[in-house]
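Asks: Have a look at this one.
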């Protein structure tokens, strides 16, 4: 057993274990110990809890608006895993009595949440109690739970369990009707949502050890339906209760009521153990593809798997739906996708489980109508993707997000209207997919239409400056959201050019390979053949801020270097209230060079073949001290660029920062700018894969060549992971001395490999073992020798 | 004697008289009763007062920054007219004792401020006391004052008088040294300013009736030098003291100390009466040119002259210097020019005293280097005139003007950077000057350079939108300052096109008439012959928002009509603090259609030949109810457009509102957004001339034809004023029935006249009497007849 920080332990990196309960941490632990399967997320809360403890089951594809609210967000549904155990009239609770052998564990390997303890009430009677649950990957609507109760004294027990419909919902109650129902032994609440009349059915069925048959009364209120089960146990007696919960809704299935009844009844028949076994086979397959093994650093190992786990359960695979910025851990950010999906979440799937990645790309195709509508509504054309994208791709982000905590006035945030890089970001992901898979068919089927519509949007958004003979993007919001309303944000301009170049490539290739399809796409988007002239003209003459010849610095946006230069720490002292939003329109950072998050560095990570190590170093040195890391997206970018810029200690520090945001509650900002911002930071979770594979292993694909530039953290003995490139699996093992790449027999083609500056070919079934020269270690050794020499006799400075 | 409002009276419209003293009103009355001559302004305060009563003598061309301040503003100089009368040990004061026959008067005809009363101390002793002063138009550095003291009881008097250097200064003390000096009988304080080391000398000399020779002690402190004069008067005795003040400074004269001593000594020798006579001849000449006579409405008559007086004394004529937005009434707005100078102050001079107008145009030529520097510093070229323009034309407006009264944080106002219409506004004034005078020589000498440099600035500022095939101006602040950061503000785009067209005209004409000069100007501004291509391309393809075919409405800027539509009154209820600034970045008006001031209507007034009466009506109807009139520039624009749109009652109401802003303290906003904003609203004063001559007389010059469209207010019997067009004086008399135009014998050319839709010619020495058809009266009569008919027997609606 290894102690981690934040009151946590692990056994072998495949689980997190909490050994004592901290009531101050229930927002955080509720998220960290959560279970889910991409369809629903069930927070890692306790069975006896209610909404005040942030119990929530958040279900995808249920976007709706509560009456009087402007927030279209996912619904949290009635809690079918509610269970209170009363021991001799006293409720077993984390907040009362006395707990021994307290143990809360999340299995990262199988997504099993378990809590156990010996609980003693004020009356002195003791029970051993454990609760296990998992969100089934075999039947995604199903969450089985099992309670084990062992009497350590003679006790009278009442188990009150069923469905609690009085639920935590961030922005109002979405349900305009609550109907409690009973079908034989199945309890159910049927809701209907306010805006779209979505029917949501939560059904529950119980199974109890035969020895203790159910003797229960059913009680129901407007928003709850519960059984009270009475048992008498003698010391040593043990019983088991299985409580199966099914959530079905009308966006997912035609007959949600019947579906829920059927599924929950069958689940009760199959029983917990059987269901769990089937569930496990799915996770085994997932980890076979996507596990990352780190030897020598059990903490990093656990963090890696924790984040891979969270990124996985946040991602819908049963349908083409977005990855929420907080996954399904709560309703924050409306359960919707941001650019995070493309830049932080997609890569790990793309190179390990490409089908999942294709689903995400197809999702952006399905949401083209929403993107077109958004462009039109703002006076543009083409596809301007939603900043906050739900099922349809219409813009979900409200005009007013933050509140000025000093005045109580709402703040007009322009994330939705000015953060135009979202559209090129989608093309970036599309291209990444194409490069990784070579899937020309999908490009023709839908990629081209995305790329062309984004190019058209850029045409309608760009401005030409006659005096400078160049195109510019005006009134932007780059990744650094503290500076709205800027011009020529380098990140945005470069990504826009990237997107235009890809549209030009696709157009040109199609004129040869698929002229009919080209014509069909152009017709569909209402463009003619001449559009490529516009694209080429803009791509050629767009302003791309270049590194200064002397300093190598690239200005984040026009005039950035003229702003007040101050560190985030100094700036923080100007806060009147710690909750203040730092950015637009009148936040403390606006007139300074303090960044919310990586902005220019983000560009280095995405367009990973454009800039030299020297440029990355210079800009890292300049921008890093100015960065407040007010976004969970920031540390992983810093870790990657630091790794590439040969700053190994910084890379590792930022790796730890990025990987612990949730588990160690490193991002304590549950409230910011008047908004509740708890929950799992899904992008940060995806970022952990990026830090390890892109950062420390230096993986990238450039013109079909697979590059590595290993820079293992000092304390990692060995790093192992798998990739899939153009459908060909590739195993990677890296130590400080060598790198081993293995291709499977079934691979269909040789892979072109480049390790630092040396090229290799890897044939199917072959392995490639390369001695790697650990540049960093060597340079550190040289530095230490130099230092010793200097200290000894000032030889070097004479 | 006619009672006006606000505790004021007038005898014959040539003076304002206050019959009782209101201590609550000292900020306002100090401004209203002020005297001045364009070199200095001396507030209409009492001789015994000090800085806490807002005593100030503000002197032009003394721009300087107090230590620690960012405000470069005019200096207020030591008060050389300080005089306290002690009667039997008790100080005569407006705040103590008892005053009978209180009388404060400002002669509008001659700029004489007089205050008199019989004052009785608590001891019961009485003196009759009067103080007169005027700011000499004959010697602009001189302000003579005369005290008359008549004992009504036997009294011991001590008159303490001299220079009080402990002065009111808005943004810190500008003087780093105070040196009190005495040269024979002349008292002096010599100061030096902090930033530019300007030497300021204030000298004072006394002359007392021979019967009561001076028996005085001189006392001096660090910042004051005073005489204490002892007199014994018996009941009925009367004495006179003349106190001459001279202000000289090193920006105005080489030897300010000697200058001040000489001038003040001579002034004492000449004596008050003699000096006043010479001063009067100047005012006689001014009024002969520029008086407006209104019969039948003594209140309007007084208001007209009050505002003409204030506009006149605010305007420097001794040198080419700007007209301050608060004139010389205090330091607010830094004593600097805004666009108000061109749009509100210049016209009255242009058509009555063209030489004064030429001085203002030349001032903009002299400040071209500052305008070039400003353009350059913001990444443009050409001439971007300062939003706040002092002597050099460099930008004086600070980045932070208002303070957020809710948080205490400073607000970044972009008046300086985004209100680009200032540059076309200067060209507008230049063109107005050219049209009114035909002065081609001045155009060649300096007008062309202004016009070309403004055109070049517009080239460097404009953006081309490829998708729309048009030029746009992005990120603007129009006249409506509540909406920063807007695109295609109609006012700005139209004015920009106007400016480009004039540059094109000048260029084209010079190719024929002055090719060498053209080449010289192009060389000087670093442009080549091809610039005209750019100007023509932009002038042809710039986006000019057009009236909607159905509604006739022109959108103030892109997206304005999508903002929340709410009245200013309703919006006001959202204020948390009455001092809040309503505009950018987070003010209550920003997301609404509430305007600070006339914006589109301002366009109608300036480009007075572009839009039909119907378009003006439609837009007046739409925008007027949305206008908060948060600027003193707003009412006069509304009055003019209302007059043109045949809304006579509204025109008169806005005339009264615009004309009474200062005199009736109609703009009560002494504090706004955390800034002190007292003082005379110089633009509103100039706006009174515009309302009468442009609005009610409908005067404009279009292609050398002098237009009139009379629409006299119902209660005005007759309106008389003079104009000068192309050097030819023209007298105008308008009644409800006829209009009489008279040209002088000495006129050099016939004038083309258009009265409504009929053309006339007016030869030198001739008069033109035209029966005018009073359309408004007639249509009102018809309407009332129709109404009567309808009421009688429903004849019309059957």
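The values are calculated or read from the model by the stated rules, or taken from the named source; none is laboratory data. Since this is a predicted model, take the numbers as computed values, not measurements. FYI the Cβ positions are ideal-geometry reconstructions off the backbone, even for glycines, and counts take in every protein chain you see.
Asks: Here are the criteria: (1) closer than 19 Å to residue A:350 by Cβ; (2) touching a residue at least 40 places away in the same chain (Cβ under 8 Å); (3) over 24 Å from the mean Cα position of the chain (by Cα). Tell me which single one residue A:703 does not satisfy.
Replies: Failing condition for residue A:703: (2).
Asks: Follow-up question, since we're still on this one. Can you go through B:10, B:28 and tell me which one is modelled with pLDDT of 95 or more and within 23 Å of the chain's Cα centre (by Cα)?
Replies: Working: B:28 fails: modelled with pLDDT of 95 or more.
Criteria check complete, one pass: B:10.
Asks: Among the residues of segment B:618-628, are any at pLDDT 95 or above and more than 27 Å from residue B:587 (Cβ to Cβ)?
Replies: Within segment B:618-628 (the criterion being at pLDDT 95 or above and more than 27 Å from residue B:587 (Cβ to Cβ)), the answer is yes, since at least one residue qualifies.
Asks: Additional query: So, restricting to helices (runs of 4 or more DSSP H) that lie completely within segment A:579-678, which ones have at least 3 residues that are more than 24 Å from the chain's Cα centre (by Cα)? Walk me through it before giving the result.
Replies: On the way: elements: A:600-606, A:613-623, A:634-644, A:648-659.
Per the criteria, A:613-623.
Asks: Go over the candidates A:257, A:192, A:268 one by one and state the one that is farther than 26 Å from residue A:310 by Cβ and part of a strand (DSSP E or B). I'd like the intermediate steps shown before the answer.
Replies: Details: A:257 fails: part of a strand (DSSP E or B); A:268 fails: part of a strand (DSSP E or B).
Only one candidate qualifies: A:192.
Asks: With respect to residue A:286, is the statement that it is without any contact (Cβ under 8 Å) to a residue 60 or more places away in the chain and in a helix (DSSP H, G or I) true?
Replies: Numbers: without any contact (Cβ under 8 Å) to a residue 60 or more places away in the chain: no; in a helix (DSSP H, G or I): yes.
The answer is no for residue A:286.
Asks: Can I ask one more? Right, residue A:594: modelled with pLDDT of 95 or more, closer than 30 Å to residue B:408 by Cα and within 14 Å of chain B (Cβ to nearest Cβ) or not? Talk me through it step by step, then tell me what you get.
Replies: Details: modelled with pLDDT of 95 or more: yes; closer than 30 Å to residue B:408 by Cα: yes; within 14 Å of chain B (Cβ to nearest Cβ): no.
When the stated conditions are applied, residue A:594 does not pass them.
Yes or no, residue by residue, for (1) surrounded by fewer than 19 Cβ atoms within 10 Å (Cβ to Cβ); (2) within 25 Å of residue A:19 (Cβ to Cβ):
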{"site": "A:113", "(1), (2)": "no, yes"}
{"site": "A:118", "(1), (2)": "yes, yes"}
{"site": "A:124", "(1), (2)": "yes, yes"}
{"site": "A:141", "(1), (2)": "no, no"}
{"site": "A:144", "(1), (2)": "no, no"}
{"site": "A:147", "(1), (2)": "no, yes"}
{"site": "A:150", "(1), (2)": "yes, yes"}
{"site": "A:155", "(1), (2)": "no, no"}
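Asks: So, one more: Do you know which residues across segment B:455-473 are assigned to a helix (DSSP H, G or I) and facing another protein chain (nearest Cβ under 7 Å)? Write out each step before concluding.
Replies: Initial filter on segment B:455-473 (assigned to a helix (DSSP H, G or I)): B:455-461.
Across segment B:455-473, the qualifying residues are B:459, B:460.
Asks: Within segment A:494-507, which residues are closer than 30 Å to residue B:585 by Cβ and either at pLDDT below 95 or within 14 Å of chain B (Cβ to nearest Cβ) (or both)? Can you show your working first?
Replies: If we filter segment A:494-507 for residues that are closer than 30 Å to residue B:585 by Cβ, which is where we start, we get A:494-496.
Selection gives A:496 alone.
Asks: Would you check which residues across segment B:331-341 are part of a helix (DSSP H, G or I) and under 10 Å from the mean Cα position of the chain (by Cα) and list them?
Replies: Quick first cut of segment B:331-341, residues part of a helix (DSSP H, G or I) only: B:332-335, B:340-341.
Residues satisfying the conditions are B:340, B:341.
Asks: Would you call residue B:448 surrounded by 24 or more Cβ atoms within 10 Å (Cβ to Cβ) and within 8 Å of chain A (Cβ to nearest Cβ)? I'd like the intermediate steps shown before the answer.
Replies: Numbers: surrounded by 24 or more Cβ atoms within 10 Å (Cβ to Cβ): yes; within 8 Å of chain A (Cβ to nearest Cβ): no.
Against the criterion (surrounded by 24 or more Cβ atoms within 10 Å (Cβ to Cβ) and within 8 Å of chain A (Cβ to nearest Cβ)), residue B:448 does not qualify.
Asks: Among helices (runs of 4 or more DSSP H) lying entirely in segment B:342-438, which contain 1 or more residues that are within 14 Å of chain A (Cβ to nearest Cβ)? Write out each step before concluding.
Replies: Numbers: elements: B:346-350, B:354-366, B:368-377, B:415-418, B:422-437.
Correct list: B:368-377, B:415-418.
Asks: Failed condition for residue B:328, given (1) in a loop (DSSP other than H, G, I, E, B); (2) within 14 Å of chain A (Cβ to nearest Cβ); (3) touching a strand residue (DSSP E or B) at 6+ places or on another chain (Cβ under 6 Å), with all others met?
Replies: Single failed check for residue B:328: (2).
Asks: Is segment B:293-310 home to any residue that is in a helix (DSSP H, G or I), within 14 Å of chain A (Cβ to nearest Cβ) and either touching a residue at least 12 places away in the same chain (Cβ under 8 Å) or closer than 30 Å to residue B:735 by Cβ (or both)?
Replies: No; the residues of segment B:293-310 include none that is in a helix (DSSP H, G or I), within 14 Å of chain A (Cβ to nearest Cβ) and either touching a residue at least 12 places away in the same chain (Cβ under 8 Å) or closer than 30 Å to residue B:735 by Cβ (or both).
Asks: Now for a different question. For segment B:160-182, indicate whether the set of residues that are in a strand (DSSP E or B), surrounded by 15 or more Cβ atoms within 10 Å (Cβ to Cβ), on the phi > 0 side of the Ramachandran plot and touching a strand residue (DSSP E or B) at 6+ places or on another chain (Cβ under 6 Å) is non-empty.
Replies: Looking through segment B:160-182, at least one residue is in a strand (DSSP E or B), surrounded by 15 or more Cβ atoms within 10 Å (Cβ to Cβ), on the phi > 0 side of the Ramachandran plot and touching a strand residue (DSSP E or B) at 6+ places or on another chain (Cβ under 6 Å).
Asks: Pairs needed: first member in segment A:563-591, facing chain B (nearest Cβ under 9 Å) and farther than 20 Å from residue A:412 by Cα; second member anywhere, modelled with pLDDT of 95 or more and surrounded by 14 or more Cβ atoms within 10 Å (Cβ to Cβ); C-beta distance under 6 Å; at least 6 residues apart or different chains.
Replies: A:574/A:588
Asks: Are any of the residues in segment A:232-248 farther than 26 Å from residue A:158 by Cα and free of Cβ contacts under 8 Å to residues at least 60 places away in the same chain?
Replies: no
Asks: Kindly indicate whether residue B:451 is part of a helix (DSSP H, G or I) and farther than 26 Å from residue B:528 by Cβ. Before the answer, list the steps.
Replies: Details: part of a helix (DSSP H, G or I): yes; farther than 26 Å from residue B:528 by Cβ: no.
When the stated conditions are applied, residue B:451 does not pass them.
Asks: Quick one: which residue in B:13, B:68, B:38 is part of a loop (DSSP other than H, G, I, E, B) and in contact with a helix residue (DSSP H, G or I) (Cβ under 6 Å, 6 or more places away or on another chain)? It would help to see each step written out before you state the result.
Replies: Values: B:68 fails: in contact with a helix residue (DSSP H, G or I) (Cβ under 6 Å, 6 or more places away or on another chain); B:38 fails: in contact with a helix residue (DSSP H, G or I) (Cβ under 6 Å, 6 or more places away or on another chain).
The unique qualifying residue is B:13.
Asks: Let me ask something additional. Among (1) more than 14 Å from chain B (Cβ to nearest Cβ); (2) within 25 Å of residue B:463 (Cα to Cα); (3) over 24 Å from the mean Cα position of the chain (by Cα), which single condition is residue A:491 missing?
Replies: Status for residue A:491: all satisfied but (3).
Asks: Ok, one more. Kindly provide the set of residues from segment B:474-485 that are more than 11 Å from every other protein chain (Cβ to nearest Cβ) and either within 27 Å of residue A:527 (Cβ to Cβ) or part of a loop (DSSP other than H, G, I, E, B) (or both), ordered by number.
Replies: Taking segment B:474-485 and keeping what is more than 11 Å from every other protein chain (Cβ to nearest Cβ), we get B:476-483.
Once the filter is applied, which keeps residues that are more than 11 Å from every other protein chain (Cβ to nearest Cβ) and either within 27 Å of residue A:527 (Cβ to Cβ) or part of a loop (DSSP other than H, G, I, E, B) (or both), segment B:474-485 yields B:478, B:479, B:480, B:481, B:482, B:483.
Asks: Do we find that residue B:90 is more than 17 Å from residue B:134 (Cβ to Cβ) and surrounded by fewer than 19 Cβ atoms within 10 Å (Cβ to Cβ) in this structure? Give the steps one after another, and end with the answer.
Replies: Details: more than 17 Å from residue B:134 (Cβ to Cβ): yes; surrounded by fewer than 19 Cβ atoms within 10 Å (Cβ to Cβ): yes.
Yes: the conditions hold for residue B:90.
Asks: Now for a separate question. Does residue A:438 meet the test of being surrounded by fewer than 19 Cβ atoms within 10 Å (Cβ to Cβ), without any contact (Cβ under 8 Å) to a residue 40 or more places away in the chain and more than 23 Å from the chain's Cα centre (by Cα)? Let's see the steps before the verdict.
Replies: Working: surrounded by fewer than 19 Cβ atoms within 10 Å (Cβ to Cβ): yes; without any contact (Cβ under 8 Å) to a residue 40 or more places away in the chain: no; more than 23 Å from the chain's Cα centre (by Cα): yes.
Criteria not met by residue A:438.
Asks: Give the residues of segment B:237-254 that are in a loop (DSSP other than H, G, I, E, B) and in contact with a helix residue (DSSP H, G or I) (Cβ under 9 Å, 6 or more places away or on another chain), sorted by residue number. Step through it out loud before you land on a result.
Replies: Going through segment B:237-254, the residues in a loop (DSSP other than H, G, I, E, B) turn out to be B:237, B:250-254.
Residues satisfying the conditions are B:250, B:252, B:253.
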